[in-house]
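Just below is one structure, and these are the notes that go with it.
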Amino acid sequence: MAERVDVVIVGAGVGGLATAIRLGAAGHRVVVLERRAVTGGKLAATHHDGCTFDVGPSLLTLPGVFDELFSLAGTSLAEQLDLRRLDPQFQYHWPDGSSLVVPDAADDTAAAFDALAPGAGAEWRRFDGRGRGIWDVSERTFLAGPMNGPRQLLRRVRSPADLWAIDPLRTLHRLAARCFADRRLVQWAGRYATYSGSSPFRAPATLACIPHIESRFGCWYPMGGLDTLRDALERVAVAVGVDVRCACEVVRITTAFDAGRVGGVELADGTAIAASAVVANADAEHIYGDLLPDADELRTVTRAERSTSGLVVTAAVRGTTPGLGHHTVWFSPDDRAEAEALAAGRMAAEPTVYGCVSSVTDASQAAPDLENWFLLVNAPAGIELDAAIERSRLLDVLASRGTDLRTRVVGSEVLTPADMAQRYRAPGGAIYGASSNGRRAAFLRPRNRARLPGLYLVGGSSHPGGGLPLVAISARIVATMVDADVAVLGS
C-alpha cells in the first residue's frame with residue numbers, strides 16, 4: 001500500500017521549503033521530495049580554490065517576508081541568520097570612466113546622484129517616489145493572492161487610481177527617460193528589468209518598485225553567505241515536522257482513480273506516495289511537459305516569453321582589488337544594442353557585467369589573500385556556449401572596463417545556460433521562468449492553482465515571479481489555498 005500524506009511538495013527550492021514551513025506549522029503532514037542531493041534549488045553555493053560562491057541569489061531584500069515566515073514556526077530571521085545591511089549597496093561604472101556609488105540612506109543616495117549629474121538627486125527622489133507608489137499598491141493588490149487574470153486584480157483595487165499607480169502601460173525605459181535627463185541614469189534604472197531576466201525596453205514601468213524596495217528596506221547579506229538562508233529554511237521546515245527527502249526524484253504526478261483530481265506522485269524507483277494535494281516547486285514547462293503531460297496546459301504556459309538565462313563565472317582571485325564593493329555593475333556602452341542582441345538569441349558583443357565579491361563583507365568566504373568573484377552576464381535562454389571561450393571573453397570585457405583580473409585568477413568555474421537547464425530542470429536555463437516583457441506578462445504567468453484539483457504551482461516560474469521575496473510570497477499564496485482546500489479534498 002502506498003505511503004499517504006496530506007501534502008507532497010515536489011522540489012525543495014525556496015518556494016517548496018517556504019510552503020512546507022507554512023503547512024507544517026498549520027499541522028499538515030508534509031513531505032518534500034528533492035531530486036538533487038541538497039535543498040535550495042537556485043539558492044545554491046559552490047566551493048573551489050579556497051573560496052565559497054553564491055551562484056544563485058546574491059542579496060536578500062524584503063527580509064520581513066522571511067521573518068514573518070519563520071515566526072509561524074516560533075522563531076525569527078534574527079535567530080536564524082546574522083544579517084548585515086549593506087552600505088553602500090552597489091557600485092556602478094560606465095565605459096566613459098564615470099561611477100556611481102549608491103549608499104543605503106536616501107539623503108546620501110540623492111547626494112550621490114547629484115555628484116554624478118547636477119540635479120539628478122531631485123530626479124532620483126521623483127523616480128523613487130513613483131516606485132514607492134507602485135510598491136504600496138502592488139503589495140495589497142498584485143501580491144495579495146493568486147492572479148488568474150485581470151478581473152482578479154480589479155477585484156483588489158480600491159479605485160482606478162490604483163491601476164494608474166502600478167504604471168503597467170509604459171515601459172521601464174520610458175519612465176526612466178521621463179524622470180532622468182542623464183542617459184547614464186536611464187541605463188541605471190533599466191538594470192532593474194535585466195535584473196529580473198527582462199528588457200527595459202519591453203518590461204513595464206511597474207518594475208520601478210524594485211530600486212525603491214532596495215532603498216526603503218535595504219540590501220541585506222547573511223554572514224556565511226546566502227546558503228545560510230537555504231540551511232535555515234530546511235532547518236525550520238524539519239523543526240515543524242516536515243519530512244525533507246533529498247535524492248528522491250519525482251517522475252510523475254499521478255491522478256486519482258477517477259482522474260478527477262490529483263492522486264500523489266511516483267518516484268524514479270517506482271514507489272508511490274498518495275496525497276490530497278501536490279505542490280510543484282518546479283518550472284511550469286517541466287511540470288506540464290514531463291511530470292503531468294498536458295498539451296493544453298503546456299501550450300498555455302509557453303505563451304509567455306522565457307526570461308533570459310545567464311553566463312556565470314566564479315573565480316578565486318589573488319590579491320586585493322582597490323575600491324572594490326560587495327556588488328558592482330559595469331555597464332555596456334549601448335544598452336539598447338545589448339537588449340536587441342539578447343532578443344535575437346545572441347550574446348551581446350559588449351555586455352553589462354554584474355559582479356559580487358562577498359569576501360569584501362565576509363572574510364569567511366575566501367582564504368587569506370583571495371577574493372571570491374562571482375561574475376554574471378545575461379544570456380539568451382537556450383543558447384549553446386563554449387564555457388572556456390565565454391570565460392575568456394568575459395574577463396577581456398572586464399579588463400576593457402578597467403578591472404583586469406586575467407593574471408590574478410587562480411581557479412575558476414563556468415555555469416552556462418545549458419548547465420542551468422540540466423541542474424534546475426529549467427527549460428533553456430531561463431532563470432526566472434517567464435520574463436516580465438509586455439503589458440500582459442503578469443497575467444501570462446502560470447497560475448498557482450492548476451486546473452487539476454489538488455495541484456498547485458509555487459516558485460519563480462509561477463505567480464508572482466522570481467527573486468527571493470516574490471518566491472516566498474508565492475509560498476504564502478499557495479499555502480493559504482492548500483490549507484483551505486485540503487479539508488475539502490480529503491486528508
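Using the Cβ of VAL414 as centre and a radius below 12 Å, the other residues enclosed give a net charge of -2, where K and R count +1 and D and E count -1.
Sparse packing (at most 12 other Cβ atoms within 10 Å of the Cβ) combined with a DSSP loop state is found for the following chymotrypsin sites (Phe, Trp or Tyr not before Pro) in segment 250-356: PHE257.
Other residues lying with their Cβ under 14 Å from the Cβ of VAL312 contribute a combined charge of 0, Lys and Arg counting +1, Asp and Glu -1. Helix 183-194 axis versus longest C-alpha principal axis of the chain: approximately 20°, rounded to the nearest ten.
What full-extension length gain, to one decimal in nm, is calculated for ASP290 and ASN148 as 0.36 nm per residue of separation minus the Cα-Cα distance?
Result for the pair: 48.8 nm of gain on full extension.
For GLY264, the amide hydrogen comes within under 5 Å of the amide hydrogens of THR254, ALA275, counting only partners 5 or more places away or on other chains and with H modelled in the peptide plane. Residues THR271, THR46, THR206, arranged from fewest to most other Cβ atoms within 10 angstrom of their Cβ, appear as THR271, THR46, THR206. At full extension, ARG346 and ASP386 could sit 13.1 nm farther apart than now, given 0.36 nm per residue minus the alpha carbon distance. Given +1 at the Cβ of Lys and Arg, -1 at the Cβ of Asp and Glu and no other charges, the dipole of segment 275-344 around its Cα centre is 380 debye to the nearest 20. Once C-alpha pairs closer than 8 Å and six or more residues apart are averaged by separation and normalised to the residue number of segment 107-218, the relative contact order reads 32 percent. Annotation for segment 412-491: chymotrypsin sites (Phe, Trp or Tyr not before Pro) lying in DSSP loop with at most 14 further Cβ atoms inside 10 Å of their Cβ do not exist. All other residues with a Cβ under 10 Å from the Cβ of THR300 taken together, and with Lys, Arg as +1 and Asp, Glu as -1, what is their net charge? Around THR300, the surrounding residues sum to +1.
Taking the inverse of the mean 1/r over every pair of distinct Cα atoms in segment 107-218 gives a Kirkwood hydrodynamic radius of 14.5 Å. With all pairs of different C-alpha atoms in the average, the Kirkwood value for the hydrodynamic radius of segment 308-431 is 14.9 Å. The charge dipole of segment 1-101, taken about its Cα centre with unit charges on the Cβ atoms of Lys, Arg (+1), Asp and Glu (-1) only, comes to about 380 debye. By the Kirkwood approach, averaging reciprocal distances over each pair of separate Cα atoms, the chain gets a hydrodynamic radius of 23.0 Å.
Proximity of backbone amide H atoms, modeled 1.01 Å from N, is registered between VAL244 and VAL32 at under 5 Å, excluding neighbours fewer than 5 places apart on the same chain. The fraction of all Cα pairs in segment 291-367 landing in successive 10 Å bins from 0 to the largest distance is 14, 31, 23, 21, 10, 2, given as whole percents.
Normalising the average separation of contacting C-alpha pairs (under 8 angstrom, six or more residues apart) by the number of residues puts the relative contact order of segment 159-202 at 39 percent. Karplus-derived 3J(HN,Hα) values for segment 328-341, using 6.51 cos²θ - 1.76 cosθ + 1.60 with θ = phi - 60°, are 9, 10, 9, 6, 5, x, 9, 5, 5, 4, 4, 5, 5, 5 Hz; glycine and proline are entered as x.
Every number here is computed from the coordinates shown, using simple stated rules; none is lab data. None of these values were measured; they are calculated from a predicted model. Cβ atoms come from the backbone with ideal geometry, glycine included; neighbour counts cover every protein chain shown.
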